Amino acid sequence: MPDTHNEELEAINRVIAGDADEFEVIVRMYGTYVYKIAASYVPADVVPEAAQEVFVNAFGSLASFNGKSPFKYWLRTITVRTCYDYWRAHYKRQDLPMSALGEEHQRWFDRVVNEGSMETFRDTESQRDAAEILNWAMSELTPVERMAITLVYLEGYSVKEAAQVLNLSVINVKVRAHRGRAKLRDKILGHISSSKREGML
């Protein structure tokens, strides 16, 4: 069985020594890994481009890899930061209409309002709808709020780990995550309240 760790380190050392072609070994080893991570943070139609950008950034930063932490973790950090850069580059404050979610998502909200419980969140179909509605609600967040929310509340990172990935202070991440969560709650509950009022008319 081949020693993947040694193959990885040898490829890294050869790239740092000037053999750029060896970077293709790293791309082959981690292409799927990077793609899956990027898919968690950016829209589906830009995932391929984001994944390519990750490897461009990784190639440019490879000399900074000191081997103290696993290369996989280092590459994950590069991936998350690249996705963060995407949101900073494409960020526009916008309040998307609920109609932008489509009929299925509107029905999901209607079920939540009518049932008045969390049972709706427990079936697979609703969880998928919930994820897309959460993404809709995140349109109001700034890039750093969006990434802080995703890392801390959705990905399970500690605040300290999220701060390291985003290159921010722990306090900054705490504040942005708290502020972002409040915005999400207000946006979603505001829609639910509006739906209830419309149903009473």
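Any read-out appearing in this document is the output of simple, stated calculations on the displayed coordinates, not a laboratory observation. For clarity, every value in this text was computed on a predicted model and none was experimentally measured. Positions of Cβ are generated from backbone atoms using ideal geometry, with glycine treated the same way; all protein chains shown enter the neighbour counts.
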Residues with amide H under 5 Å from that of E155, placed H, sequence gap 5 or more: none
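Full extension from S139 to M29: what is 0.36 nm times the residue separation minus their Cα-Cα distance, to one decimal in nm? Provide the component values of the computation, followed by the final result.
Working: separation 110, 0.36 × 110 = 39.60 nm, distance 3.37 nm.
This chain segment gains 36.2 nm when fully extended.
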Roughly how many whole Å is it from the C-alpha centroid of segment 153-181 to that of segment 1-52? 26 Å
Would you work out the relative contact order for segment 1-90, in percent, from Cα pairs under 8 angstrom that are 6 or more residues apart? 28 percent
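Under unit Cβ charges (Lys, Arg +1; Asp, Glu -1), what dipole magnitude, rounded to 20 debye, does segment 1-90 have relative to its Cα centre? Intermediate values should be presented prior to the final figure.
Details: 8 positive and 12 negative charges, 96 e Å.
Here the size comes out at about 460 debye.
Rank the residues S64, S139 as a footprinting-exposure proxy: fewest other Cβ atoms within 10 Å of their Cβ go first.
Working: S64 8, S139 15.
Arranged by neighbour count, lowest to highest, S64, S139 become S64, S139.
Subtracting the Cα-Cα distance from 0.36 nm times the residue separation, let me have the gained length for D19 to F59 in nm, one decimal. Display every interim value, and only then the final one.
On the way: separation 40, 0.36 × 40 = 14.40 nm, distance 1.15 nm.
Fully extending the segment from D19 to F59 adds 13.3 nm.
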Separation of the R185 and S40 label points, Cα + 7 Å toward Cβ, nm: 2.4 nm
Sorted by Cβ neighbour density within 10 Å, fewest at the top, the residues F55, F65: F65, F55
Residue order, fewest to most surrounding Cβ atoms within 10 angstrom, among L184, L9: L9, L184
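Taking the highest mean first, how do the peptides 174-182, 146-154 order by number of other beta carbon atoms within 10 angstrom per residue?
Values: 174-182: 17.2, 146-154: 22.0.
Result, highest mean first: 146-154, 174-182.
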